[in-house]
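Okay, so here's the structure we're looking at.
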Amino acid sequence: MKVICVTGTPAAGKTAIAKKLALRYNLYYLDANRIVNQCKLSSGYDRKRKAKIVDTNRLGRKLIGIIGFFKKCGHIGNALMPKAGSAVKLKNNAIKKKYRGIVIDSHLSHYLPEKYVNLVVVAKCGIKKLCKRLEKRKYSQAKIRENIQAEIFDICRNEALERGHNIIVLDTTKGFDIIDVKI
């Protein structure tokens, strides 16, 4: 079973990449933001950034529980996941459908320990294009500046490298081809 994490700054193209990977390779698409919301994994709200404060350790434990459940059962079902603390509601079409693995969509997914992850795909985007995408999402100028800096300094890629992950970088500035990703 494969576990692929798709990470990158907001608006870099994580979701598009993750969904295309899921379709192409018969992987279960898992939106980590949905897990954060359903399992109440945020520890507050940052008003300045207009974002939830996510406890990455709790999110990691939850995702590891889901990965373990998936490996044990070979499918995703609407059940209480081990080490989860609360149930995760998944789409009905996911019940007992066989998948080759999981693709986790989140700018925090690279925080998972390397032993649980086969591949981390880092979504990258040119600064001008990323700025336009963030403006379209109506991000504040401070939040746009923070995310542009994260992209310039390659934060997600560097953090994934520090954790020992196998990494592929996909530039989404002018589109991308999922064929480049071999799992």
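Some notes on this structure:
- Checking the stretch 95-112 against the condition returns no match, with no residue being part of a helix (DSSP H, G or I), in contact with a helix residue (DSSP H, G or I) (Cβ under 8 Å, 6 or more places away or on another chain) and among the basic types (Lys, Arg).
- Residue match in the stretch 59-75 (condition: in contact with a strand residue (DSSP E or B) (Cβ under 8 Å, 6 or more places away or on another chain), closer than 30 Å to ARG145 by Cβ and not in a helix (DSSP H, G or I)): no
One line per residue, one yes/no per condition, for (1) buried (at least 19 other Cβ atoms within 10 Å of the Cβ); (2) at pLDDT below 95; (3) of a type in the set (Gly, Ala, Ser):
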{"position": "VAL3", "(1), (2), (3)": "yes, no, no"}
{"position": "VAL6", "(1), (2), (3)": "yes, no, no"}
{"position": "ALA11", "(1), (2), (3)": "yes, no, yes"}
{"position": "LYS14", "(1), (2), (3)": "yes, no, no"}
{"position": "ALA18", "(1), (2), (3)": "yes, no, yes"}
{"position": "TYR28", "(1), (2), (3)": "yes, yes, no"}
{"position": "GLY68", "(1), (2), (3)": "no, yes, yes"}
{"position": "LYS71", "(1), (2), (3)": "no, yes, no"}
{"position": "GLY77", "(1), (2), (3)": "no, yes, yes"}
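To keep it simple, each residue is scored yes or no on (1) touching a strand residue (DSSP E or B) at 6+ places or on another chain (Cβ under 8 Å); (2) buried (at least 16 other Cβ atoms within 10 Å of the Cβ); (3) modelled with pLDDT of 95 or more.
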site: GLY126; (1), (2), (3): yes, no, yes
site: CYS131; (1), (2), (3): no, yes, yes
site: LEU134; (1), (2), (3): no, yes, yes
site: ASN147; (1), (2), (3): no, yes, yes
site: LEU161; (1), (2), (3): yes, no, yes
site: GLY164; (1), (2), (3): no, no, yes
site: LYS174; (1), (2), (3): no, no, no
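- When SER86 is tested against (1) buried (at least 17 other Cβ atoms within 10 Å of the Cβ); (2) hydroxyl-bearing (Ser, Thr, Tyr); (3) modelled with pLDDT under 85, just one condition goes unmet, and that condition is (1).
- Of all residues in the stretch 149-173, those satisfying the criterion of being part of a loop (DSSP other than H, G, I, E, B) and touching a residue at least 40 places away in the same chain (Cβ under 8 Å) are ARG163, GLY164, HIS165, ASN166, THR172.
The values are calculated or read from the model by the stated rules, or taken from the named source; none is laboratory data. All values reported here derive from a predicted model rather than from experimental measurement. Using ideal geometry, Cβ is built from the backbone for each residue, glycine included, and neighbour counts are taken over all protein chains shown.
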